[in-house]
Amino acid sequence: MTDKTSNAMWGGRFAAGPDAIMEAINASISYDRRLAPQDIAGSRAHAAMLAETGIVERSDVEAIREGLLTVLSEIEAGEFAFSAALEDIHMNVEARLKALIGDAAGRLHTARSRNDQVATDFRLWTRDQCDAAIAGLDALIAALLDQAEQGADWVMPGFTHLQTAQPVTWGHHMMAYVEMFARDRGRLVDARRRMNESPLGAAALAGTGFPIDREMTARALGFDRPMANSLDAVSDRDFALEFLAAASICAMHLSRLAEELVIWSSAQFRFVSLSDRFSTGSSIMPQKKNPDAAELIRAKIGRIVGANVALLTVMKGLPLAYSKDMQEDKEQVFDAADTLMLALAAMTGMIGDMSANRAALAKAAGSGFSTATDLADWLVREAGLPFRDAHHATGALVARAEAKGCDLPDLSLEEMQAVNAAITQDVFSVLGVENSVRSRTSHGGTAPEQVRRQIARWREMQKGRA
């Protein structure tokens, strides 16, 4: 059976409409309807330019622009009837516009193609997602700064290989994630800047012979400039890939923090307590409080990285300019953006509600001979030993303490001097975890004064962005 509605968009080239299978594989309206606000904004800007350049009569353009607002209001109110037979958001909007204002609607598509139209819509949408993710990261960074400020001098173990390495402060640990998420923010800012060029006016692939004003439409849509090459404008999706790449790295950082929350909230650590808002119970074990939100965030990276790989795979073998393969550019990006925003919101909530157990942190900070490096440094600094000799002597003292079942500060001065006679009573000033963290005053170190300095710097930066 011929689908006359669908066939109309192709003009006289095809005598028969697509069958149900072709319609199913060809239609994108089930997901690209999300581009409706961007599509209508782009069409309104294009129409205004057509009037300004005299390409289309102002009366027709005014009817088009008002009609597009009516279409948008119907979509926002849930009253718009989307049709798979019309393939995509562009044709759905145009068909409804024609029903509202008549033949003037057909003039809207003058000097453009669905190729530059969808490229413009998708850039506008992805740009909006960059802005949303940047705002989400700002909120997460603020929550981490609050945690860091509260525990700037709370000692805790620093780990390598998930084994106690050296004492650090809770504030220092929180600030490590501030730095990571700030770089994620920077990647999104950079990606947004690069994508902020307008494809509109590139038409199908070669530009147009109409005297259009691409600078005007670019300005109207908040772009910095029109894209310089019409082939490039309609045929690349690197802006979406760059967003996905930044989102993937950010999701990886979220996953690492989520893993720490899972470990820290366990009965074996008890470093933190997560609020009931971000935990669940067990259907069979009444004592359980599961960090499900953290575990789900930890898993979400799969969807985001998968979207990145999927779009790279779609794009990797396409010759210039447009190919229908590029219809597969949106679903993964939509899902990745939704997933990233959900993960950011959940992590921000967990960090904001989280309570750190200062006593448990302090107790763990002193375990595992965490001040051994301080002892080795003291032997270099005060006793003049080469570091390798100091390392060997400290290892011998750790073995002695381990054999006695005690920590390094519990060894007597005589026991220490039996390993190296140059050790004096002063060595005990560096062996406590509090002394250890206070001594790490190098730039970026864990000393509370350094942590507070970094917090103040970040507070000022956030204030400047407000």
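The values are calculated or read from the model by the stated rules, or taken from the named source; none is laboratory data. Worth saying up front: this structure is predicted, and the values here are computed from it rather than measured. No Cβ is skipped: glycine too gets one built from the backbone with ideal geometry, and neighbour counts run over all protein chains shown. Note: areas computed on protein heavy atoms with side chains; ligands, DNA, RNA excluded. Shrake-Rupley method; radii C 1.70, N 1.55, O 1.52, S 1.80 Å.
With r defined as the distance between the Cβ atoms of ARG193 and SER73 and R0 fixed at 30 Å, what FRET efficiency is calculated, to the nearest 0.05? The computed FRET efficiency comes out at 0.40.
Using a 1.4 Å probe, what is the accessible area per residue for the chain, in Å²? All intermediate terms of the calculation are to be shown ahead of the outcome.
Values: 21480 Å² over 466 residues.
About 46 Å² of surface per residue is accessible.
Students often check this: by mean Cβ neighbours within 10 Å, which of 181-188, 396-403, 84-91 ranks highest, and how do the rest follow? Don't jump to the answer; show the numbers that get you there.
On the way: 181-188: 19.5, 396-403: 15.1, 84-91: 21.1.
Per-residue Cβ counts within 10 Å, averaged per peptide and sorted highest first, yield 84-91, 181-188, 396-403.
One Cα centroid belongs to region 203-279, the other to region 405-440; the line between them spans 51 Å.
What number do you get for region 184-306 when its Cα radius of gyration is normalised by 2.2 N^0.38 Å, N = residues?
Values: Rg = 23.0 Å, N = 123, 2.2 N^0.38 = 13.7 Å.
In units of the globular-protein estimate, region 184-306 measures up at 1.68.
Per-peptide packing, taken as the mean over residues of other Cβ atoms within 10 Å, places 317-325, 166-174, 51-59, 354-362 in the sequence 166-174, 354-362, 51-59, 317-325 from highest down.
Contact order normalised by length for region 136-283, with contacts defined as Cα pairs under 8 Å and 6 or more residues apart; what percent is it? List each step's numbers first, then the result.
On the way: 140 pairs, mean separation 25.5, N = 148.
Answer for region 136-283 is 17 percent.
From its DSSP helices (H runs of at least four residues, each -39,500 (n - 2.57)), the chain gives a residue-normalised ellipticity at 222 nm of -20000 deg cm²/dmol. If you wrap the tightest convex hull around every Cα atom of region 324-466 and split its volume per residue, you get 222 Å³.
Could you list, in their original order, any pairs among LYS98/LYS316; LYS363/LYS404; LYS289/LYS363 whose Cα atoms are separated by more than 27 Å? Write out the running numbers ahead of the final one.
Numbers: LYS98/LYS316 38 Å; LYS363/LYS404 19 Å; LYS289/LYS363 23 Å.
In this structure, LYS98/LYS316 lie more than 27 Å apart at Cα.
Evaluated over the Cα positions of region 47-195, the convex hull gives a direction-averaged projected area, one quarter of its surface, of 14.3 nm².
Round to the nearest 0.05 the FRET efficiency obtained for ASP276 and ALA81 when R0 = 51 Å and r is the Cβ-Cβ distance. Could you put the intermediate results ahead of the total?
Working: r = 43 Å, r/R0 = 0.85.
Once rounded, the FRET efficiency stands at 0.75.
As an exercise, find the ratio Rg/Rh for the chain from alpha-carbon atoms, using the Kirkwood inverse-distance average for Rh. Don't skip to the end; give the middle numbers.
Details: Rg = 30.6 Å, Rh = 26.5 Å.
Here the Rg-to-Rh quotient is 1.16.
Every Cα-Cα pair of region 41-108 was included, and the share exceeding 18 Å stands at 34 percent. Overall size of region 143-238 from C-alpha positions, given as principal axis extents largest first: 69, 27, 13 Å.
Would you kindly state how much longer the chain becomes between GLU179 and GLU295 on full extension, computed as 0.36 nm times their sequence separation minus their alpha carbon distance, in nm to one decimal? Numbers along the way, then the final one.
Numbers: separation 116, 0.36 × 116 = 41.76 nm, distance 2.25 nm.
Using 0.36 nm per residue and subtracting the Cα-Cα distance, I get 39.5 nm.
Full extension of the chain between ASP238 and GLN163 gives 22.9 nm of extra length, using 0.36 nm per residue less the Cα-Cα distance.
Out of the total accessible area of the chain (probe 1.4 Å, heavy atoms of protein only), what percent is carbon and sulfur? Percent of accessible area from carbon and sulfur atoms in the chain: 53.
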